[in-house]
Structure formats: structure tokens, C-alpha cells
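Here's the structure we're looking at; comments come further down.
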Amino acid sequence: MIDQRNFTYMFYGFAAAWVIVTIYVGFLALREGRLRDELERVRRMVEDSGKKN
């Protein structure tokens, strides 16, 4: 049987894990956006260099 103290620790552990995962996913989304912007910038540079020749 789970007593109140164990349940409280389990709840706080779950909440902490949820916060960590949420922050991690947020950083992944931010990094993906930055990488997408960088790839678009590189694509435009390559296209522009091809037009000059």
C-alpha cells in the first residue's frame, strides 16, 4: 500500500520530469527553427552565387 508520503514524492518526481521534458522539447523546437532559418540562408546564398556566374 502506498502511504501519503510516497505518493507525494511520486507526484513531485512526475511533475519535475514533466517540466524537464517540456523545457527540452521547447529547446528542440527553438533549435529546429534556427536550423531551418540557417538552411534557408545558405540556400539563398547558393542560388545567388549561381545567378552571378
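Here are some residues: G26, G50, G13. Which one is exposed (fewer than 10 other Cβ atoms within 10 Å of the Cβ) and in a helix (DSSP H, G or I)? Before the answer, list the steps.
On the way: G26 fails: exposed (fewer than 10 other Cβ atoms within 10 Å of the Cβ); G13 fails: exposed (fewer than 10 other Cβ atoms within 10 Å of the Cβ).
None of the others qualify; the one that does is G50.
Which one is nearest to the chain's Cα centre (by Cα) among residues in the chain that are basic (K, R) and at pLDDT below 90?
As a first pass, look at the chain and keep what is basic (K, R): 5, 31, 34, 36, 41, 43-44, 51-52.
So of that shortlist, the ones also at pLDDT below 90 come out as 5, 51-52.
On the way: R5: 33, K51: 36, K52: 38 Å.
Selected residue: R5.
The values are calculated or read from the model by the stated rules, or taken from the named source; none is laboratory data. Nothing here was measured: the structure is a model prediction, and the numbers come from that model. Cβ coordinates were reconstructed from backbone atoms using ideal geometry, including for glycine residues, and neighbour counts include every protein chain displayed.
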